[in-house]
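Asker: Here's a structure for you.
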Amino acid sequence: MTVMNLAQAITDALDIALATDPRVLVMGEDVGRTGGVFRLTNGLQATHGAERVVDMPVAESGIVGTAFGLAVAGMRPVVEIQFMGFSYPAYDQIVSHVGRIRHRSRHRFTAPMVIRMPYGGGIGAAEHHSESTEALYAHTPGLKVVVPSTPYDAKGLLLAAIEDPDPVVFLEPIRLYRAVKEDVAGGHFVVPIGRARLERTGNDVTLVAYGSMVRDARRAADALAEEGISVEVIDLRSLVPLDTETLIGSVRKTGRAVVIHEAHRTAGFGAEVVARIQEEALYSLLAPVQRVTGWDTIFPLKRTEEYYLPGVDRILQAARRTLEG
Amino acid sequence: MLQILTPDGELLADPPMDIDLTKRLFLAMVAARQYDRKATSIQKQGRLATYAPFEGQEAAQIGSAAALRPDDWMVPTYRDAAAMWMQGYPWTHLLLTRMGDERGGSPPEGVAVLPPSITVGAHMLHAVGLAWAARLQGSDRIAITYFGDGATSEGDFHEAMNFAGVFRTGTVFICQNNQYAISLARHQQTASETIAEKAAGYGVPGVLVDGNDLFAMYQATSEAVVRARDGRGATLIEALTYRLGPHTTSDDPTRYRDAAEVETWRAKDPLDRIRKYLAAESAWDEEWEARAATGAHDEIDRAVEEAEALTPLAPEEIFESMFAEMTPELAEQQQRLLASRRDQA
Ligand SMILES: Cc1ncc(C[n+]2csc(CCOP(=O)(O)OP(=O)(O)O)c2C)c(N)n1
C-alpha cells in the first residue's frame, strides 16, 4: 500500500504496464523528456527508454492513426492526448477506424489501444482546456469509455483498459489529479470496466456522478446527511458499458435520482442515464429525475467558471426538489 | 519520370524482370481487368452496390504489389482491388463488401491486407503504425499504402508522411495520380508541379513514375521496399496514371472531362504496352491471352456465385462483432431486435 494521488496512480499503472508487457507503448506530445504537461509520464522514458515512451510531433490525428496501426499489428499503444479539447483532430480516426475495425473485419483485425485524455474544468484553465465532451465518445460505437474519480480506481481501471481487447477512451478529471490521496495497492491489479462503485449507501435519494463530479456529490451527500437525509452516491466509473444494474437497483430503492455531470446539458451523458432509469425504474420513482449539468454554453474562462460548473449548491437544490415531490 | 517501357512497347532500359514474371504479371493484369468489368456489369444488374472501377490503373497496382513479400502489410482504398488480390485477398471477399456484407472485410487468416479504407486519407497513417510495429517486433515486414491524388490534400497525408519521415518507418506510399478526385482535376488539387516532390518536405524520397508502365512500377516499388526493409525509411511513389472509367458506377465523367482526353490515355493502356513487348519477344499470342482471360473470367464467376450464395448475417450477428465480449447494452439491444422481428412475424 502506498498513499497516492490520482496522478501518481496513473503513473504507477503506466509504469507497471510498461514493465510487464513488452507490447505496451506510451505515446503523445511531450510525454517523454518532460513527462507530459501534467507530469503523468514523469520518469517513464528514463526507465523504459525512448522506444517505449515516445515523444510525438504535434498531430493528434497522426498520433491516434499511427497508434491504430501499431495496435492492429499487435502492439498495445497508450496514447496521451494533451487535453480533451485537442482530441477533436483525432476524432475522425477514432470514429472512422479505431471503433470500427473489429466490426468491419468481423474480428479479423482489432485495435486494442487506450486513448487517455485529461478532461474537465475547475482549474481556471485557458480556452479549450476544460472540455467535457465525453458524450461524443460514449455515442461512438466500438469504444469503451472510462472515467475514474479515485486514485485506486484510476490505477485499476487504467490497467484494465490497457489489457482490454478493445479500444478504451480513458478520461482523467484534471481537477482531481492532485486533489485526493488514498491508499493504493502496490503492484498489479485491475478494476473491471463496466461496474459502477457505490460511493456510499443510503435510502432517500440517489446521486449519480462520475469523474470530477463525484467529489461534489459526496459533499452534497454530507450536507444532506446532517439534515437527516440518507443519500446513496453512485460513481459510474464506466460510461460504456454502463452498469445499469447498480443504477436501477439504487433508484428502485430510493425512488429519487439526481444525475450530475459537468458536460453540457443537451444530449449530455446524463440524458442517457435518465432514459435508462425511466425505461427500467419509472414505477419506482417518487419524483422526476433531476439533472445537474453544465450549460449549453462554451465552457467559460476563469472569471465566470463558477456560473457553469454544477457544484454542491446546485446538487443540493436538485436533491431537495426530488424530496419535495 | 521513371519509364522503362514506352506506350509503343519500346524498352528504354533493361526490364527489371524476366519474361516468365512479365508473362505472369501480364496475366494478372488481364485477370484484374476481367474482375473490373465483371464487377461493373453485375453492378448494373443491381447485384453489387456502387463499384469503383480501376481500369487503366492495373500496372500501377499490380506492378507495385508484385514487389511485396506475402506477409507485408497492405493498407488500400476502395479502388485497389487489383493490388489487394495480388496480396492474397480473395475475389469473393472483394465482392462481398460490394454486396453489402461485412464478411468481405475479413480475409482469410494470414492475409495482411486491411479492409479497404472508404475515408479518403485517414488510412495512410495506419501503414505508418503497422511498419513501426514491425520494427519493434524485430520483423522486417514493411507496409504499403495506396491512395489517390485527391487524398494528398487531406491533412492525414501530411501527418502520415511527416511521421514516416520522423520515425523512419518502413512505409511505401503509392499515390495513384489518376488525374481526378471524382470531378476535381489534378491541377485544382494542388499547386505543386508533381505530387512526388511533396516528399522533400518530409525528408523522404519521392519518385515520379509512369504508372501505366508495369516495369517502372515494379522497379520503383522494389527499390522502395528494399529501402523500407533495410530500415532506411519510407518512400513516396507518384504513379502517373489515368482512370479510364467513371469514379464509381454512379458517376458520369462526361460532366467534367472530354472524350478526346480519355482517348489519349487509352492509347497508353498499361496492358497494351506489355502485350506489344511480349509479342516482340515472341512470348505472346492471342489464343494464350484469350485462354487466360476465359480462365480468369470463370474463376471470377465462381467467386460471384460463392459470394451470392452466402447466407446473409442473421439479425443477432450484427451485434456480435462490436467487442471481443458483447456489452450488456448490445446484448439488450440484440434481444430487442429479435423480439421486434418475432412480433412482426
Ligand atoms: C474523408 C472523405 N471525404 C470525402 C469522401 C468522398 N469521396 C470518395 S472518393 C473521393 C475522391 C478521392 O479522390 P482520390 O483520392 O484522387 O482517389 P480516386 O477516387 O481518384 O482513386 C471523395 C471526395 C470520402 N470518401 N472520404
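Asker: Over segment A:2-184, what is the relative contact order in percent, taking alpha-carbon pairs closer than 8 angstrom and at least six residues apart?
Answerer: 28
Asker: Give me a single rounded figure for A:104-113: the average over its residues of other chain Cβ atoms within 10 Å of their Cβ.
Answerer: That works out to 6 on average.
Asker: Any chance you could check segment A:123-169 for residues losing 10 Å² or more of accessible area when the partner protein chains are in, compared with the chain on its own (1.4 Å probe)?
Answerer: Listed by number, the residues meeting the 10 Å² cut-off are A:P141, A:G142, A:K144, A:P165, A:D166.
Asker: Still on this model: Of the DSSP beta bridges with both residues in chain A, give the percent that are antiparallel, rounding to the nearest 5.
Answerer: 20
Asker: Ranked highest first by average number of other Cβ atoms within 10 Å, how do A:313-322, B:11-20 line up?
Answerer: A:313-322, B:11-20
Asker: With chain B treated as a Gaussian network of Cα nodes joined by springs under 10 Å, which of B:M326, B:M124, B:M99 yields the largest mean-square fluctuation?
Answerer: Among B:M326, B:M124, B:M99, the largest mean-square fluctuation in the Gaussian network model of chain B belongs to B:M326.
Asker: Looking at the protein assembly as shown only, what percent of DSSP beta bridges run antiparallel? Nearest 5 please. Intermediate results must be reported in sequence, preceding the final value.
Answerer: Working: 12 of 66 bridges.
Once the DSSP bridges in the protein assembly as shown are tallied, antiparallel ones form about 20 percent.
Asker: Rounded to the nearest whole Å², what accessible area per residue is found for segment B:19-312 with the 1.4 Å probe?
Answerer: I get 37 Å² per residue for this part.
Asker: Please compute the average number of Cβ atoms from other chains found within 10 Å of each residue's Cβ in peptide B:320-330.
Answerer: 6
Asker: Output the pairs from B:K198/B:K276; B:K198/B:K268; A:K144/B:K198; B:K38/B:K268 with a Cα-Cα distance over 31 Å in this structure; if there are none, say none. Working shown, then result.
Answerer: Numbers: B:K198/B:K276 34 Å; B:K198/B:K268 26 Å; A:K144/B:K198 38 Å; B:K38/B:K268 22 Å.
Check vs 31 Å cut-off fails for B:K198/B:K276; A:K144/B:K198.
Asker: Something else now. With each run of n ≥ 4 DSSP H residues scored as -39500 (n - 2.57), what mean residue ellipticity at 222 nm is computed for chain B after dividing by its residue count and rounding to the nearest 500 deg cm²/dmol?
Answerer: -14000 deg cm²/dmol
Asker: While we're looking at this one, here's another question. Dipole of segment A:2-184, Cα-centred, from +1 at each Lys and Arg C-beta and -1 at each Asp and Glu C-beta, to the nearest 20 debye?
Answerer: Values: 16 positive and 20 negative charges, 98 e Å.
That gives segment A:2-184 a dipole magnitude of about 480 debye.
Asker: For a protection proxy built on the mean count of beta-carbon atoms within 10 angstrom, sort A:1-9, B:141-149, B:247-255 highest first, please.
Answerer: Top of the packing list down: B:141-149, A:1-9, B:247-255.
Asker: Oh, and also: May I ask you to order B:102-111, B:81-90, B:307-316 by the average number of other C-beta atoms within 10 Å around their residues, highest value first?
Answerer: B:81-90, B:102-111, B:307-316
Asker: Can you find, among B:A260, B:T97, B:G165, the residue farthest towards the positive end of the dipole of chain B? Put +1 on the C-beta of Lys and Arg, -1 on that of Asp and Glu.
Answerer: B:G165
Asker: Considering every Cα-Cα pair within the protein assembly as shown, what fraction, in whole percent, is farther apart than 39 Å? List each step's numbers first, then the result.
Answerer: On the way: 90198 of 224115 pairs.
In whole percent, the share of Cα-Cα pairs in the protein assembly as shown beyond 39 Å is 40.
Asker: Moving on. Taking amide H positions as placed 1.01 Å from N in the peptide plane, with prolines and chain starts having none, which residues 5 or more places from B:L2, or on another chain, fall under 5 Å of its amide H?
Answerer: Correct list: B:L208, B:V209, B:D210.
Asker: Give me the 1.4 Å probe accessible area per residue for segment A:55-159, excluding ligands and nucleic acids, in Å². List each step's numbers first, then the result.
Answerer: On the way: 2480 Å² over 105 residues.
For segment A:55-159, the solvent-accessible area averages 24 Å² per residue.
Asker: Dividing the Cα convex hull volume of segment B:19-312 by residue count, how many Å³ per residue is that? Don't jump to the answer; show the numbers that get you there.
Answerer: On the way: hull volume 37.2 nm³, N = 294.
So the per-residue hull volume is 126 Å³.
Asker: Averaged over A:71-77, how many beta carbons belonging to a partner chain fall within 10 Å of each residue's beta carbon?
Answerer: Average per residue, whole number: 6.
Asker: Could you work out the helix-only [θ] at 222 nm for chain A, with each DSSP H run of four or more residues adding -39,500 (n - 2.57) and the total divided by the number of residues, to the nearest 500 deg cm²/dmol? Please list the in-between numbers first.
Answerer: On the way: 11 runs with 111 residues, N = 325.
Counting only the DSSP helices, I get -10000 deg cm²/dmol.
Asker: Would you mind calculating the relative contact order of chain A from Cα pairs under 8 angstrom and at least 6 residues apart, reporting the percent as a whole number?
Answerer: Over chain A, the number comes to 16 percent.
Asker: Ok, one more. Looking at segment A:219-256, which residues lose a minimum of 20 Å² of accessible area between their chain alone and all protein chains in place, measuring with a 1.4 Å probe and not counting ligands or nucleic acids?
Answerer: A:P241
Asker: Here is a follow-up. In segment A:136-291, what % of DSSP beta bridges are antiparallel (nearest 5)?
Answerer: Approximately 30 percent, going by the DSSP bridge assignments.
Asker: What total accessible area, in Å², is buried where chains B and A meet, using a 1.4 Å probe and rounding to the nearest 100? Mind showing how you got there, number by number?
Answerer: Details: alone 15800 and 13460 Å², together 25690 Å².
Buried area (both sides, nearest 100 Å²): 3600 Å².
Asker: Moving on. List the relative contact order of chain B as a percent without decimals, with contacts defined as Cα pairs under 8 Å and 6+ residues apart.
Answerer: 23
Asker: Right, here's the next one. Evaluated at 25 °C with a viscosity of 0.890 mPa s, what Stokes-Einstein diffusion coefficient in µm²/s does chain A have when Rh comes from the Kirkwood expression over alpha-carbon pairs?
Answerer: The calculation lands on 123 µm²/s.
Asker: Taking each pair of distinct Cα atoms in segment B:77-174 once, what is the resulting Kirkwood hydrodynamic radius in Å?
Answerer: Evaluated over segment B:77-174, this radius sits at 14.0 Å.
Asker: Further question: What is the distance in Å between the Cα centroid of segment A:218-242 and that of segment B:5-60?
Answerer: When both Cα centres are located, 66 Å separates them.
Asker: List the residues whose amide H sits under 5 Å from the amide H of A:V53, counting only those 5 or more places along or on another chain, with H placed 1.01 Å from N in the peptide plane.
Answerer: HN-HN under 5 Å from A:V53: A:V26.
Asker: Using θ = phi - 60° and the Karplus curve 6.51 cos²θ - 1.76 cosθ + 1.60, what whole-Hz ³J(HN,Hα) does each residue of segment B:33-47 get, with Gly and Pro shown as x?
Answerer: Couplings: 5, 4, 4, 4, 6, 4, 4, 4, 6, 6, 5, 4, 7, x, 8 Hz.
Asker: Between A:T47 and A:E227, what length in nm is gained on full extension when 0.36 nm per residue of separation is reduced by their alpha carbon distance?
Answerer: Contour length minus Cα-Cα distance gives 59.6 nm.
Asker: Something else about it: For all pairs of alpha-carbon atoms in segment B:1-54, what percent lies in each bin of width 10 Å, listed from the first bin to the last filled one?
Answerer: Percent of pairs per bin, in order: 21, 32, 25, 18, 4.
The values are calculated or read from the model by the stated rules, or taken from the named source; none is laboratory data. None of the values given here were measured: they were computed from a predicted structure. FYI the Cβ positions are ideal-geometry reconstructions off the backbone, even for glycines, and counts take in every protein chain you see. When the accessible area is computed, the model is the full protein with side chains, heavy atoms only, and any ligands, DNA or RNA have been set aside. Shrake-Rupley method; radii C 1.70, N 1.55, O 1.52, S 1.80 Å.
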